[in-house]
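Report on one structure; see the data block that follows.
The values are calculated or read from the model by the stated rules, or taken from the named source; none is laboratory data. The model shown is predicted, which means the values in this text are computed figures rather than measured ones. No Cβ is skipped: glycine too gets one built from the backbone with ideal geometry, and neighbour counts run over all protein chains shown.
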Amino acid sequence: MNKRRYKRSRQREHILKLLQGTDKHPTASWIYDELRPEFSNLSMGTVYRNINILLDQNLVQKIESGSSFDRYDANTELHYHFICRECETVDDMPVEVFQALDKEISDATGYRVESHRLDFYGLCPSCAAKEEIEISDFNG
């Protein structure tokens, strides 16, 4: 755990509460839009600074989804994500984490694996259904 201490910030507390209250994996821009009505002097720089502090405190995690914008998650327990290549939705995967993978990689390589992160990429059910409709329209 990081030992660095930070001054209390109402904006940071609201960012954390917002992230803890959603199962979405929002961007900094979404967080800004949600909090702007309550904090009229809020800037994107303030949002990013506070997110970085929350990351440093291990209270949130960053999900690099391959798009232009990182996503954030207040669930810091080890879990897997699915990232849709079409709509860029990020969803938690309701499957058990494969803990034996750490040991398997350590044994095979000599590296001391402390944890792992695994993301799945493809199409969410909604985008997959749209793609199937487009294919059938093209063929039919």
Checking residue 69 against (1) under 30 Å from residue 123 (Cα atoms); (2) at pLDDT 95 or above; (3) of a type outside the set (Ser, Thr, Tyr), which test does it fail?
(2)
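For every residue, the table says whether it meets (1) within 25 Å of residue 118 (Cα to Cα); (2) in contact with a strand residue (DSSP E or B) (Cβ under 6 Å, 6 or more places away or on another chain); (3) among the hydrophobic types (A, V, I, L, M, F, W, C).
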position	(1), (2), (3)
10	no, no, no
23	yes, no, no
34	no, no, no
37	no, no, no
57	yes, no, no
60	yes, yes, yes
74	yes, no, yes
77	yes, no, no
83	yes, yes, yes
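Which count do you get for residues in region 96-128 that are among the acidic types (Asp, Glu) and part of a helix (DSSP H, G or I)?
Qualifying residue count, region 96-128: 3.
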From the option list 48, 72, single residue qualifying as closer than 27 Å to residue 128 by Cβ and aromatic (Phe, Trp, Tyr) is 72
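From the list 97, 90, 113, exactly one residue is modelled with pLDDT of 90 or more, of a type in the set (A, V, I, L, M), under 15 Å from residue 61 (Cα atoms) and not assigned by TED's automatic domain parsing to the domain that holds residue 55. Which is it? Steps first, please.
Numbers: 97 fails: under 15 Å from residue 61 (Cα atoms); 113 fails: under 15 Å from residue 61 (Cα atoms).
Exactly one residue qualifies, and that residue is 90.
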